[in-house]
Amino acid sequence: MKLASKVAVITGAALGYKAGGPSIGSAIAFLFAKQGAQVVVLDINKEMGQRTADRITASGGDALFIHTDVSSSEQIQQAVKKIHDHYGQLQCLVNCAATYQGDIFHTVVDTPEEDWLTVFDVNLHGYYRMAKYCIPLMNASGGGSIINISSIAARQVVPGFAVYHVTKAAINGLTRVLAVDHAPLIRTNAICPGFVKIANSEKDRNPEELDQWYANIMKSYPAKRLCTVDDVAETALFLASDASSYMNGQCLTLDSGRCIMDAHEY
Ligand SMILES: NC(=O)c1ccc[n+]([C@@H]2O[C@H](COP(=O)([O-])OP(=O)(O)OC[C@H]3O[C@@H](n4cnc5c(N)ncnc54)[C@H](O)[C@@H]3O)[C@@H](O)[C@H]2O)c1
């Protein structure tokens with residue numbers, strides 16, 4: 001048990017749509033619970049968030065769902081108070097919640113200002129608020145580990161998805177700031193996955209379309225397979241556990257080598 005007697009809060013930890021398909025946050029919650037952590041599932045999705053906590057409990061783990069919108073400072077402060085009242089301690093924060101709502105598949109010029117700000121409020125400021133209000137409890141608990149789920153989008157740009165890329169780059173900056181300011185009690189690292197196979201991105205594609213779509217994506221990854229939610233969860237477990245006790249301020253790329261590959265033909 002790598003996380004025995006630790007309490008971990010994971011944002012965006014609800015199972016994905018279509019009867020609870022895979023999501024990165026829920027995979028982390030399941031694995032952490034299996035490794036002995038008491039897991040706090042935090043999400044804006046009430047039904048799936050509760051279902052995630054119920055499944056963990058049904059399989060013998062310890063989980064609590066707290067319905068929270070990470071764009072609300074008040075709701076986050078209430079959630080941290082609940083964690084304090086329920087467990088009295090907190091050793092791990094995983095920031096994973098993200099929204100893709102709004103008219104955001106655009107350049108800086110074409111993204112409506114209100115949609116830009118909404119995405120910032122969840123995808124970046126949600127991480128900031130969680131860190132701000134969890135760190136005092138983590139310090140009082142003897143310290144721990146913060147893990148920010150970032151993306152290769154922090155360093156490689158898909159044209160016409162401006163706001164997402166800027167938030168992910170800023171998350172890597174936030175990771176380094178937290179790492180320096182809150183050591184030695186708290187270590188902060190980020191995971192930057194490439195494309196991860198999750199239920200929410202399947203949308204209404206039929207199985208044939210999905211196979212074709214996935215096969216095309218796989219081609220650009222040296223592993224020639226997609227990153228799974230379990231690949232991300234195992235990396236998060238490493239960062240949450242004492243096995244990574246000397247690692248701080250790092251943004252780990254999880255893409256099987258795609259970003260370092262030179263795709264030019266010579
Ligand atoms: N899926 C990928 O290919 C991929 C690749 C790299 C990084 N990521 C990152 O992984 C993380 C998980 O996202 P995902 O892509 O797996 O999508 P997802 O939709 O499965 O997960 C996002 C979760 O955040 C929750 N959420 C949204 N707004 C919220 C709010 N205001 N308050 C609380 N919870 C909220 C959603 O309900 C959902 O459960 C994100 O940070 C994303 O940027 C995803």
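List of remarks:
- Computed over the chain, relative contact order equals 19 percent, with contacts defined as Cα pairs under 8 Å that lie 6+ residues apart.
- Stretching Met218 away from Val108 to a fully extended chain increases their span by 36.7 nm, per 0.36 nm per residue minus the current alpha-carbon distance.
- Residues with amide H under 5 Å from that of Gly144, placed H, sequence gap 5 or more: Ile186, Arg187
- Residue-by-residue Karplus 3J(HN,Hα) for segment 59-68, coefficients 6.51, -1.76, 1.60, Hz, glycine and proline x: 9, x, x, 10, 9, 9, 9, 10, 5, 8
- Per-residue ellipticity at 222 nm from helix content only, as computed over the chain with -39500 (n - 2.57) for each DSSP H run of at least four residues, stands at -13000 deg cm²/dmol.
- Size of charge dipole - segment 7-254 - debye, nearest 20, with Cβ of Lys, Arg +1 and Asp, Glu -1, no other charges: 620 debye
- Inter-label distance, nm, simple model (7 Å from Cα along the C-beta direction), Asp85/Cys259: 4.1 nm
- Looking at the chain, the DSSP beta bridges with both ends there are about 5 percent antiparallel.
- Gyration tensor (alpha-carbon) shape descriptor, segment 7-254, a/c threshold 1.5: rounded
- The phi torsions of segment 235-248, fed into the Karplus equation with coefficients 6.51, -1.76 and 1.60 and a -60° offset, translate into couplings of 5, 5, 4, 4, 6, 7, 8, 5, 4, 10, 4, 9, 9, 8 Hz, rounded to whole numbers, with Gly and Pro shown as x.
- Of Lys168/Lys203; Lys132/Lys224; Lys168/Lys219, those spanning more than 32 Å from alpha-carbon to alpha-carbon: Lys132/Lys224
- Here the 3J(HN,Hα) profile of segment 145-150, calculated from phi with Karplus coefficients 6.51, -1.76 and 1.60 at θ = phi - 60°, is 9, 10, 10, 9, 7, 9 Hz, Gly and Pro shown as x.
- Highest-MSF residue in the chain out of Asp231, Asp103, Asp211 [GNM, Cα springs under 10 Å]: Asp211
- For the options Leu210, Leu31, Leu90, a Gaussian network treatment of the chain with springs between C-alpha atoms closer than 10 Å singles out Leu210 as fluctuating the most.
- Candidates Gln212, Val40, Ala162 compared by Cα position along the dipole of the chain: farthest toward the positive end lies Val40, with charges placed on Cβ.
- Prolate/oblate/rounded label for segment 19-161 (Cα gyration tensor, a/c 1.5): prolate
Throughout, read-outs are computed from the coordinates displayed, never taken from laboratory work. Note that this is a predicted model, so its numbers are computed, not measured. Here the Cβ is made from the backbone with ideal geometry for all residues, glycine too, and neighbour counts use every protein chain on show.
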